[in-house]
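The values are calculated or read from the model by the stated rules, or taken from the named source; none is laboratory data. Keep in mind the model is a prediction, meaning the values are calculated, not measured. Cβ atoms come from the backbone with ideal geometry, glycine included; neighbour counts cover every protein chain shown. Areas reflect the complete protein model, heavy atoms only, side chains present, ligands, DNA and RNA absent. Shrake-Rupley method; radii C 1.70, N 1.55, O 1.52, S 1.80 Å.
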Amino acid sequence: KVWPEINEWFETNRYISRGGIYPFLHSIPDALPTPPEGYDEDSARALLAAYPSDDIPEDQKISIVVTQLEAFADLSRATDRITGADPYAEFHALLEESYHGTLLPNVFAGGTIDTERCVLTGFSALENFRRPSWSYARYFEGQGYTVEGAHAGYEAFYNRLNVNENLGVPGYRFIENYFSEFFSGIPGDDVLLPDIAEHALSAMASAPVFSFNVTYQNHGPYASDSALFSEPFVPQGDLSDSDYRIVNNYLFGIRDTGGQMAAMADSFRAVDEPVILVFFGDHKPWLGEQSITYASLCIDITSDSDDAFYHYYATDYLFWANDAAKEVLGNDFTGIGPDISPCFLMNVLFEKCGWEGPGYTKLTDTVLDAVPMLHTSGRYLLDGTLTDSLPADRQNLVTQMEQVQYYLTQDAGGIHP
């Protein structure tokens, strides 16, 4: 029987459609998570206890508005074939006003929640989050912040409704419970980003805000048989008709996103309340079967070179601060930041804000300083060089981080100072 309410793209719906035995059998591995080798609960608790948490000073409690940008990547860093109108003009102008750097997610063309939850938790390896767990949202809530957020998609995508609750971000705005009241379909960035700003500005009137949001615009696949653009960003040249439309349709959406980011910054530019906007891309876009469009743009993502690794994974992150935030924190929030894994994004933000932060941040600061990228492909960034192995002292730091991560998700009850 085909159930009309079942959606094949929702994980929980797929389990429902297969009856009782399938989900029971397939849930066993998740129900019994595997601890890191050598894990000991008491030792992990002691490791974390060595780094006591600090509060944010009352006069520095500024609002933080975080937005993960679906498939947003600056292809102009990897190809010289974007010779038409510049789709990144407003984005690049915003970078000049911001502290920004390169993010190296674990995923390519999908797996959005890996980047999303690595940033929110600071974890390099993710659990299923079927129970309350540590997150930065919990830390900010404990500091008296209003915690909220939105996703321009359905609540069942990646089980965000339940997982966000377990990560300390309740009351999330989704299509079902919010956007459908005034918008038909999946909201684009022209709807979502102004809405994020409106809700944050409203909440900031009574308390500082930690807002964590996820876009949907620029999600692939991109149309290969029709053109959204009127003037191409990449001339056709020797591109096939399909590749020509795919890449230009992608860049058409990216240009719009850049403009919406700039408009969002403008909405906070002159307000008296201090705020920092955090933007980052979750992964590179899908550009055709077997990545053929990347090859057409002469972007190498298949070789074993370091450049190909960056072309395959690298996205951008930026911290934009309004004048009020710059004055409060004594920092102009411009310049180039380090190349990092998503799990370290909040570490870099706390460092720029001058906050000591929670104990987990202090512990992972030691890893960030030694190994700023931990990648599920088995590669690391060590002293500016990609490598697949670490010296014993740095491997020990990574191991300690993994032990504490497991403790926070499984044995700490979701709440830890």
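Before moving on, here are some points about what is shown:
- Given charges at Cβ of Lys, Arg, Asp, Glu: region 202-318 dipole, positive-most of 223, 268, 285: 268
- For region 274-347, the dipole from Cβ point charges (+1 on Lys and Arg, -1 on Asp and Glu) about the Cα centre works out to 200 debye, to the nearest 20.
- Here the Gaussian network model covers the chain, with springs between Cα atoms less than 10 Å apart; of 234, 66, 271, 271 fluctuates the most.
- Mean separation of Cα contacts under 8 Å, 6 or more apart, over the residue count of the chain: relative contact order %: 29
- Scanning the chain for DSSP H helices at least 30 Å long along the axis (C-alpha atoms) with a Kyte-Doolittle mean no lower than -1.0 picks out 241-269.
- Charged neighbours of residue 135, selected by a Cβ distance under 13 Å, balance to -1 (K, R count +1; D, E count -1).
- Over the chain: helical MRE at 222 nm, DSSP H runs n ≥ 4 each giving -39500 (n - 2.57), nearest 500: -12000 deg cm²/dmol
- Here region 305-362 has 44 percent of its accessible surface on carbon and sulfur atoms, given a 1.4 Å probe and all protein chains in place.
- Tail fraction, Cα-Cα pairs, region 97-197, threshold 19 Å, whole percent: 52
- Carbon + sulfur, % of accessible area of region 76-181 - ligands and nucleic acids excluded, 1.4 Å: 47
- Taking the Cα centre of the chain as reference, the dipole from Cβ charges on Lys and Arg (+1) and Asp and Glu (-1) amounts to some 880 debye.
- Region 355-407, relative contact order in percent, only Cα pairs under 8 angstrom and at least six apart counted: 27
- Selected from 60, 200, 135, residue furthest toward positive end of dipole (the chain; charges at beta carbon): 135
- Between the alpha-carbon centres of region 108-143 and region 221-273 there is a gap of 29 Å.
- Accessible area of region 212-295 belonging to carbon and sulfur atoms, whole % at 1.4 Å probe: 50
- A Förster radius of 25 Å, combined with the Cβ-Cβ distance separating residue 93 from residue 207, puts the computed FRET efficiency at roughly 0.20.
- Paramagnetic reach from residue 292 (point 7 Å along Cα→Cβ, amide N under 13 Å) across region 194-231: 224-225
- Proximal charge balance of residue 115 [Cβ under 13 Å; K/R count +1, D/E count -1]: -3
- Taking 7 Å steps out from each Cα toward its Cβ at residue 396 and residue 79 produces label points 4.7 nm apart.
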